[in-house]
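No value in this document is a laboratory result; all are computed from the given coordinates. This one's a predicted model, so the numbers in the text were calculated from it and none came from an experiment. Cβ: placed from backbone, ideal geometry, glycine included. Neighbour counts: every protein chain shown.
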Amino acid sequence: MLPTQIPDFFKNRRNNLMTKYPTSTFILPAAKEAVRNLDVIHSFRQESNFFYLCGLEEPDAFLVLAPSSQSSHKTILFVLPKDLEKEMWIGERYGVENAKKVFDADEVYPISEFDQKLPEFLKNSEQVFYRVGLNENLDRKIFAVLEKYQKNLGRSGKALLPILDPTLPIGEMRIFKNSEEISFMKRACEISTLAHKTAMKEIKPGMNEYEIEALLNYIFKKHGCQRLAYPSIVAGGKNAACLHYQMHNEPLKEGDLVLIDAAGEFNYYPSDITRTFPVGKHYSEKQSTMYDLVLKSQLAGIAMAKPKTKLADIHKHVCEILIDGFLSLGLLSGDPAEILKSGSYKKYYPHNTSHWLGMDVHDVGLYTLNGESRILEPGMTFTIEPGFYIQPNDTEALKLFPCQGIRIEDDILITQQGCEILSAEAPKTREDIEKLR
Ligand code: GLY
Ligand code: MN
Ligand code: MN
């Protein structure tokens, strides 16, 4: 059933954006349907910026925000027209009339009128925000309209309107989450935590990685996540040395660890949680050594998460702790500061500690401002996810540890006072995890 009402926050976001950019036209295309094979398509997920500003979940549409002489700006939607024959096959669409009511647009047209109508919405503009490079056909169409518009200006001396990337202005809005967005992320975290706890209880030696993937995906959906936040990773033993392992076709072995990096998306807001625990009942001595080092670095990173800290400083501190550990375990030798500077630790910790978390799991928003890592502010959400990996071709390290990967990942919200760990209920001390095993 199609929703007949959508929350006010979509319109509020458009107002906020256009208050900041009153002389700009934003052209935001919806996602296109992606072919899976021949005439089968992947399940649809709206493009994040389009959804953020509009709420419509249909492909091929355009959202145009344009300066207007009457009020500050106009919202214009171009949507798929009603087509009962097609809707019989693929489901109901809003069509022009309904879309105008439900999405509170000033003007709505069928997609077929996009080229012809667009020049009207450029009249009061000094620049166009449109993301170039994602779709060549669309780029050509937009460039052709802009060029024709410019030619029609005659001898005005005006040049082509500059085209800017909307990722920056919309990213700067999306990086700060308000109470509704935080409530969606909290729900995504609750459901994802439940999935991780269930996996911790249910995994037994001999089960296949794909069984656990299916179990996680079932729990995400059963409890209200519309889809996954990203493809689940269920990696037993050596498979966890591959950071984004996807094969999921091996049985889980007693004595191995299993790394699960999986989470659901609730109302377009994700969680992103990783836990690593024994397939059997207990961590072995070597596994405990590796695990405790990662946990120590993660807790130290989280302890720094508060307003005014920089993500780069959290990463640096996490790296320092891991490097100390790698040195004392005999995996590295030399001066810790030199190891940090040269990056030789990346053999065992090849990724970053954090990424912004939002509608895109690796979310938009600048990481640096004026050439410096930006400071954390209330409302920002991100992950802290250190890891420790022994690669299958690292013959020296394999003398000390088996090939495996450990990662511990939580979702952090910066508050006025410090931070809230949105995924705190997912067990992560060895003791708490072993209780569930
Ligand atoms: N799940 C992908 C990541 O942790 O970044
Ligand atoms: Mn992550
Ligand atoms: Mn993750």
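Results, tabulated for the structure shown:
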item: Residue selected from the range 232-279 under the condition part of a helix (DSSP H, G or I) and of a type in the set (A, V, I, L, M, F, W, C), by the criterion nearest to ligand 2 (Cβ to nearest atom); result: Ala240
item: Neighbours by Cβ (under 8 Å, 6+ apart or cross-chain): first from the range 368-390, touching a residue at least 40 places away in the same chain (Cβ under 8 Å) and among the aliphatic types (A, V, I, L, M); second more than 16 Å from ligand 2 (Cβ to nearest atom) and part of a strand (DSSP E or B); result: Ile375/Lys310; Leu376/Lys310; Leu376/Ile414; Met380/Ile414; Ile390/Gln404
item: Residues (more than 16 Å from ligand 3 (Cβ to nearest atom), out of contact with any Pro (no Cβ under 7 Å at 6 or more places or on another chain), under 27 Å from Glu377 (Cβ atoms) and in a strand (DSSP E or B)) located in the range 393-436; result: Leu413, Cys419, Glu420
item: Counted residues, the range 280-295 - those being buried (at least 20 other Cβ atoms within 10 Å of the Cβ), of a type outside the set (Phe, Trp, Tyr) and away from ligand 2 (no atom under 16 Å from the Cβ); result: 3
item: Pick from the range 397-418, criterion within 20 Å of the chain's Cα centre (by Cα) and within 16 Å of ligand 2 (Cβ to nearest atom), ranking: farthest from Gly236 (Cα to Cα); result: Leu413
item: Wholly within the range 1-120, helices (runs of 4 or more DSSP H) carrying at least 2 residues that are under 27 Å from the mean Cα position of the chain (by Cα) and among the aliphatic types (A, V, I, L, M); result: 9-20
item: Given (1) among the charged types (D, E, K, R); (2) loosely packed, with under 15 Cβ neighbours inside 10 Å; (3) within 16 Å of ligand 3 (Cβ to nearest atom), number of the condition Asp363 does not satisfy; result: (2)
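For every residue, the table says whether it meets (1) within 22 Å of Ile191 (Cα to Cα); (2) over 20 Å from the mean Cα position of the chain (by Cα).
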residue: Asp335; (1), (2): no, yes
residue: Ser344; (1), (2): no, yes
residue: His351; (1), (2): no, no
residue: Asp363; (1), (2): yes, no
residue: Glu420; (1), (2): yes, no
residue: Ala426; (1), (2): yes, no
residue: Glu431; (1), (2): no, yes
